[in-house]
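To start, the structure itself, in structure tokens.
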Amino acid sequence: MNKVDASVPAGQTDKATPVLAVKALRKHFPLQSGLLSRSQQVVHAVNDVSFHVDHGETLGLVGESGCGKSTVGRTILKLINPTAGSIQIDGTEIADLSRREMRPYRRRMQIIFQDPYSSLNPRMTAGDMVGEPLTVHGIASGQEKEDRIAALFQKVGLRSDQIRRFPHEFSGGQRQRIGIARALALDPKLIIADEPVSALDVSIQAQVINLLMDLQEEFGLSYLFIAHDLSVVEHISHRVAVMYLGHIVELAERRALFRTPQHPYTEALLSAVPVADPKRKRADRIILKGDVPSPVSLPSGCPFHTRCPVAVAACKSEVPALREVRPNHWAACHLR
Ligand code: SF4
């Protein structure tokens, strides 16, 4: 099967321009060093990550805490600048754009944050927060703005009499709906949802996920859905990318990834998830040995070799490329 072409994001076979295409994205953070220290240590948070998101598609990006998935999301939005690599929105390169040059693209990409408790301004009413992007981008004012805010509240399942209320008067799920309404205000094409339900009760999680799916259908939205919880990702994603230590180690259509995982790390993650799909076998639980290595000093060879239950000698020295090991199913492992 094919080895990944660095000019094409992993998993991209369709010739149509995707809403988002990330190629060889890298984000390294220098660590503060002591005055007398000669060497500058670097956190290798994101390492040559490539993927794309099609129009109307949800790509789930999963991995344990600290694997770099949120850094990927923030780098795409240019909340932080990439160290290297390409980020294309509808085919236009934005990786090197300045803050000012980014302005027209900001409207197309919005983010929903993990914590609905801290992401809302406690001194602003819900309506003011949802309407703020309309003012900042000069889209609507006066009665038109009021009407748009009321319509957005209705779209996300909030009542119009809640527009003048403050964040502390809402439940966690309702606050996340305010965050979603705010993200929708600018009519974006792509929403980066960074752990959008992990702070919510399980029963509320399903409601918010269903709302996101309904909105996707109605507005043709694309989502990059970042999560550590595979069962949440399984429900909402069309395709899923698995990250480990800043690398994408597997990327496939959702069913293929959950039923026939190709990377030992994905197998281990899946073995800990309850099986909802009757066609998926219940795997024996795989307990990984050791801790995730520090992103300051990445292991040589395969980044997973220090914990991999099936590692061979070559894994310590040779970096496995992300290859198409089955049609539209990509994995970075020497054994596939
Ligand atoms: Fe395990 Fe080697 Fe495959 Fe890495 S390349 S996942 S260490 S078998």
Exercise for the section: Would you mind calculating the relative contact order of the chain from Cα pairs under 8 angstrom and at least 6 residues apart, reporting the percent as a whole number? Expected result: 22 percent
Problem - GNM top mover of Asp161, Asp229, Asp194 - the chain, alpha-carbon springs below 10 Å - result: Asp161
Fill in the blank from the handout: Cα pairs beyond 26 Å in the chain, in percent, come to 51 percent
Handout entry: Sequence-separation-based contact order of the stretch 180-247, relative, with Cα cut under 8 Å and 6+ spacing, percent
Key = 38 percent
Practice task
Quick one: of Lys69/Lys145; Lys189/Lys316; Lys69/Lys289; Lys189/Lys289, which pairs are farther than 32 Å apart, Cα to Cα?
Solution key: Lys69/Lys145; Lys189/Lys316; Lys189/Lys289
Fill in the blank from the handout: Given the candidates Ser86, Asn121, Ile192, the one whose Cα lies deepest towards the positive end of the charge dipole of the chain, counting +1 at each Lys or Arg C-beta and -1 at each Asp or Glu C-beta, is Ser86
Practice task
Summarise the accessible area of the chain (1.4 Å probe, protein heavy atoms) by the percent that is carbon and sulfur.
Solution key: 49 percent
Handout entry: Dipole moment magnitude, nearest 20 debye, the stretch 134-236 about Cα centre, only Lys, Arg, Asp, Glu C-beta charged
Key = 380 debye
Exercise for the section: Enumerate the calculated ³J(HN,Hα) couplings along the stretch 156-167 in order (Karplus 6.51 cos²θ - 1.76 cosθ + 1.60, θ = phi - 60°), each rounded to whole Hz, writing x wherever the residue is Gly or Pro. Expected result: 9, x, 9, 8, 5, 6, 8, 4, 8, 8, 9, x
Problem - At q = 0.14, 0.23, 0.25 Å⁻¹, base-10 log of I(q)/I(0) for the stretch 69-165 (Debye sum, equal scatterers on each alpha carbon) - result: -0.68, -1.20, -1.28
Problem - 222 nm mean residue ellipticity, helices alone, for the chain (DSSP H n ≥ 4; -39,500 (n - 2.57); rounded to 500) - result: -8000 deg cm²/dmol
Handout entry: Considering only the chain, percent of DSSP beta bridges that pair antiparallel, nearest 5
Key = 60 percent
Handout entry: Value of Rg to Rh for the stretch 231-336 (Rh from inverse mean 1/r over Cα pairs, i.e. Kirkwood)
Key = 0.96
Completion exercise
Here, trypsin sites (Lys or Arg not before Pro) of the stretch 61-151 satisfying both criteria (DSSP loop; at most 11 other Cβ within 10 Å) are Arg123
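The values are calculated or read from the model by the stated rules, or taken from the named source; none is laboratory data. It should be emphasised that the depicted structure is a prediction, and the values quoted were computed from it without experimental measurement. Backbone-built Cβ (ideal geometry, glycine too); neighbour counts: all protein chains shown. To get the accessible areas, we keep the full protein, side chains included, count just its heavy atoms, and leave off ligands, DNA and RNA. Shrake-Rupley method; radii C 1.70, N 1.55, O 1.52, S 1.80 Å.
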